[in-house]
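Trainee: Just dropping this structure here.
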Amino acid sequence: MNPLEAFATEAGRADHDSVAAAVDADSLAGLLAARVAATPNRAAVAVAADDRVATWTWVDLAATALRVADELAAAGLGPGDRVAHLGRHTPDWIVVDLACLLAGFVHVPLHADSTAAEHRSQLEWLAPRGVVASGGRSAATLTGGLVITPPAGGWLARAAVDPARVATAVAARAAMIDPDACATIVLSSGTTGVPHGVLHSQRSLTLNARGVSDVFLPDPRDVRLSWLPASHLLARVGDLYTAIERGGCLNLVTDRKQILAACRALPPTVILGVPVFFERLEAGARSGKLGDLAAALGGEVRVCVSGGAPLRRRTAEFFAARGVPLVEGYGLAEAGPVVALSNPRMARPGTVGPPLAGVEVKLDERPERRGQLLVKTPSRALGVLPPGGALEAVPEWLETGDLATLDEAGHLVITGRLKDVIVLASGVKLPPAKVERALAEDEAVAQVCVVGDGLAAPVALVVPEPAVIRRAVRRLGLVVFSRAAA
């Protein structure tokens, strides 16, 4: 029996309250212990398929995570060992993450949409002690020590369990966790395009999830549409860990082509996404293919949150006009990731909201970096691991590389990238992001990129919105014989 098992066995005989008292409230394992103790039989994860909804409770998740943690330990993994994980967006992905949190493993999720060659390269420099393949992903192309796969049908299954015993066992595991030790290595491309590893502790991610939760009114009945890949930190903190903190349910979308079907089967109240997702919904509603936007999303949405890139103001206004509030947030992996976040009660168009509680921001005053946003946060990463390089420290004040301003209400406005300034042949400096944002507000523009470094004048490369072009062709009575002619 390993030390974790022995401790859990002894704790199982103890009074739950005395065990829970030893749990650090700022650990993710501690959050899970509190959730299982408070609402063991409330729905935690749901998956809609063929007009049926399968659900698992918090005690189902916790009991399975405990079992998987034991299986991984029995295979030879110990606290502090890196565990690479390649899995599709399924309930088993969540089980593996929770098992790592409860056992003290360092969870290293690989992005499922990367190539096999990229996975092999990442495993070489991340050097995990073991590799887990879940959700039907094959481990045949993976190397990195122990290779573990779930049984046929996956790990997560409903079984008769004693909620009190599970809660005590989870609390016992949580009591052994060092919340300041490395808990995960997140692969983030940042602004370079080349993934690097960002190391986070349970404490940093807990504080970020708690800060995000505090921005919105409490509602334990929340259903969060979970469709973003959980290997990205935005989805893991914004959906999974926030659900653990608040006690809501994740409507897990295992096939992105079935997002609207999932909304009909189990209407979400909260939707986290990236701008292109909301822009496509806007285009569908404008063209008439989607019908009523609010109804298409299930009719219960009280807030949509966009992050990861700038959101067009007209998209937010379109959603608001149809009774679906859409607000923005801002962050970066090294910050845990959320730095600033808005909500419908205080939303200011064109801003990403005020900084989270406990987060400090200021603007760089150095001449060569003037206007750059600097961030100081309790959710700061432990370090950054570049491919083939040594671990790099993360400074107290994070240099975001983004240019920003603060409006009179203290809301952040992201105006561009520090290194994206175009210098024309005349010597005039032009921030392309501002021009792109202005052009993108036109409904005929689907995508736009402004270039022109060294040229006499800037050039905008525009991808038109097909539906708008088709309407214009019909309105003008034009006869066209091909897309190119249009």
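Trainee: From the list Leu110, Leu101, which residue is in contact with a His (Cβ under 6 Å, 6 or more places away or on another chain), closer than 21 Å to Gly336 by Cα and touching a residue at least 60 places away in the same chain (Cβ under 8 Å)?
Mentor: From the options Leu110, Leu101, the qualifying one is Leu110.
Trainee: Okay, moving on. Answer yes or no: is there a residue in region 130-151 that is at pLDDT below 95, part of a loop (DSSP other than H, G, I, E, B), within 20 Å of Ala235 (Cβ to Cβ) and of a type in the set (S, T, N, Q). Step through it out loud before you land on a result.
Mentor: Filtering region 130-151 down to residues at pLDDT below 95 leaves 130-151.
Applying the additional criterion that residues be part of a loop (DSSP other than H, G, I, E, B) yields 135-145, 149-151.
Subsequent filtering for residues that are within 20 Å of Ala235 (Cβ to Cβ) retains 135-137.
Keeping just the survivors that are of a type in the set (S, T, N, Q) gives none.
No, the conditions are met nowhere in region 130-151.
Trainee: Among Lys419, Lys429, which is the only one that is touching a strand residue (DSSP E or B) at 6+ places or on another chain (Cβ under 8 Å), exposed (fewer than 12 other Cβ atoms within 10 Å of the Cβ) and at pLDDT below 75?
Mentor: Lys429
Trainee: If you scan region 404-414, which residues turn out to be open to solvent by less than 30 Å² (accessible area, probe 1.4 Å) and not in a loop (DSSP other than H, G, I, E, B)?
Mentor: Passing the criteria: Ala404, Leu412.
Trainee: Go through region 92-121 and give me each residue that's touching a strand residue (DSSP E or B) at 6+ places or on another chain (Cβ under 9 Å) and either farther than 23 Å from Ala25 by Cα or of a type in the set (Ser, Thr, Tyr) (or both).
Mentor: The answer is Asp92, Trp93, Val108, Pro109, Leu110, His111, Ala112, Ser114, Glu118, His119.
Trainee: Scan region 64-84 and tell me whether some residue there is over 15 Å from Ala157 (Cα atoms), open to solvent by less than 20 Å² (accessible area, probe 1.4 Å) and in contact with a His (Cβ under 7 Å, 6 or more places away or on another chain).
Mentor: The answer is yes; a qualifying residue exists.
Trainee: If you go through region 203-256, how many residues are in contact with a strand residue (DSSP E or B) (Cβ under 9 Å, 6 or more places away or on another chain), of a type in the set (S, T, N, Q) and open to solvent by less than 10 Å² (accessible area, probe 1.4 Å)?
Mentor: So the count comes out to 6.
Trainee: Out of Gly401, Gly388, which single residue is closer than 22 Å to His232 by Cα, at pLDDT below 95 and in a loop (DSSP other than H, G, I, E, B)?
Mentor: Gly388
Trainee: Given the residues Gly308, Gly353, Gly358, which is the only one that is modelled with pLDDT under 95, assigned to a loop (DSSP other than H, G, I, E, B) and closer than 30 Å to His200 by Cβ?
Mentor: Exactly one of Gly308, Gly353, Gly358 is modelled with pLDDT under 95, assigned to a loop (DSSP other than H, G, I, E, B) and closer than 30 Å to His200 by Cβ, namely Gly308.
Trainee: Between a residue in region 461-476 that is farther than 8 Å from Ala446 by Cα and any residue that is open to solvent by 70 Å² or more (accessible area, probe 1.4 Å) and among the polar types (S, T, N, Q), which pairs come within a Cβ distance under 9 Å, given they are 6 or more apart or on different chains?
Mentor: Leu461/Gln447
Trainee: Tally up the residues in region 361-403 that are closer than 30 Å to Glu118 by Cα, of a type outside the set (A, V, I, L, M, F, W, C), open to solvent by 60 Å² or more (accessible area, probe 1.4 Å) and without any contact (Cβ under 8 Å) to a residue 12 or more places away in the chain, please.
Mentor: 2
Trainee: Go through region 107-124 and count every residue that is open to solvent by 10 Å² or more (accessible area, probe 1.4 Å) and in contact with a Lys or Arg (Cβ under 7 Å, 6 or more places away or on another chain).
Mentor: 1
Trainee: Of all residues in region 312-360, which are more than 21 Å from Val198 (Cα to Cα), open to solvent by less than 20 Å² (accessible area, probe 1.4 Å) and of a type in the set (A, V, I, L, M)?
Mentor: Once the filter is applied, which keeps residues that are more than 21 Å from Val198 (Cα to Cα), open to solvent by less than 20 Å² (accessible area, probe 1.4 Å) and of a type in the set (A, V, I, L, M), region 312-360 yields Val324, Leu326, Val327, Leu341, Val352.
Trainee: If you check every pair at least six apart or on different chains, which have Cβ atoms under 6 Å apart with a residue in region 252-274 that is over 23 Å from Ala316 (Cα atoms) first and a residue that is open to solvent by 10 Å² or more (accessible area, probe 1.4 Å) and in a loop (DSSP other than H, G, I, E, B) second?
Mentor: As it stands, the answer is Val253/Trp227; Thr254/His89; Thr254/Thr90, since those pairs meet every condition given.
Trainee: Give the residue that is farthest from Leu32 (Cα to Cα), with candidates limited to residues of region 192-216 that are in a loop (DSSP other than H, G, I, E, B) and in contact (Cβ under 8 Å) with a residue 60 or more places away in the chain.
Mentor: Val194
Trainee: Just name the residue that is farthest from Arg345 (Cα to Cα) out of those in region 281-303 that are modelled with pLDDT under 95 and of a type in the set (Lys, Arg).
Mentor: Among those residues, the one meeting the criterion is Lys289.
Trainee: Failed condition for Thr315, given (1) under 20 Å from the mean Cα position of the chain (by Cα); (2) within 23 Å of Thr415 (Cβ to Cβ); (3) of a type in the set (S, T, N, Q), with all others met?
Mentor: (1)
Trainee: Can you say whether Asp97 is of a type in the set (D, E, K, R) and either part of a loop (DSSP other than H, G, I, E, B) or under 17 Å from Thr254 (Cα atoms) (or both), as far as the supplied structure shows?
Mentor: Considered against the rule, which asks whether it is of a type in the set (D, E, K, R) and either part of a loop (DSSP other than H, G, I, E, B) or under 17 Å from Thr254 (Cα atoms) (or both), Asp97 comes out as yes.
Trainee: For region 353-374, give me the residue count where each residue is under 20 Å from Gly211 (Cα atoms) and basic (Lys, Arg).
Mentor: 1
Trainee: A follow-up question, please. Before we move on, is Ala243 within 23 Å of Pro275 (Cα to Cα), free of Cβ contacts under 8 Å to residues at least 60 places away in the same chain and not in a loop (DSSP other than H, G, I, E, B)?
Mentor: For Ala243, the condition - within 23 Å of Pro275 (Cα to Cα), free of Cβ contacts under 8 Å to residues at least 60 places away in the same chain and not in a loop (DSSP other than H, G, I, E, B) - is not met.
The values are calculated or read from the model by the stated rules, or taken from the named source; none is laboratory data. On a predicted model such as this, the values are computed, not experimentally measured, just so you know. All Cβ positions, even for glycine, are placed from backbone atoms using ideal geometry, and neighbour counts span all protein chains on display. We work out accessible area using only protein heavy atoms, side chains counted, and drop any ligands, DNA or RNA first. Shrake-Rupley method; radii C 1.70, N 1.55, O 1.52, S 1.80 Å.
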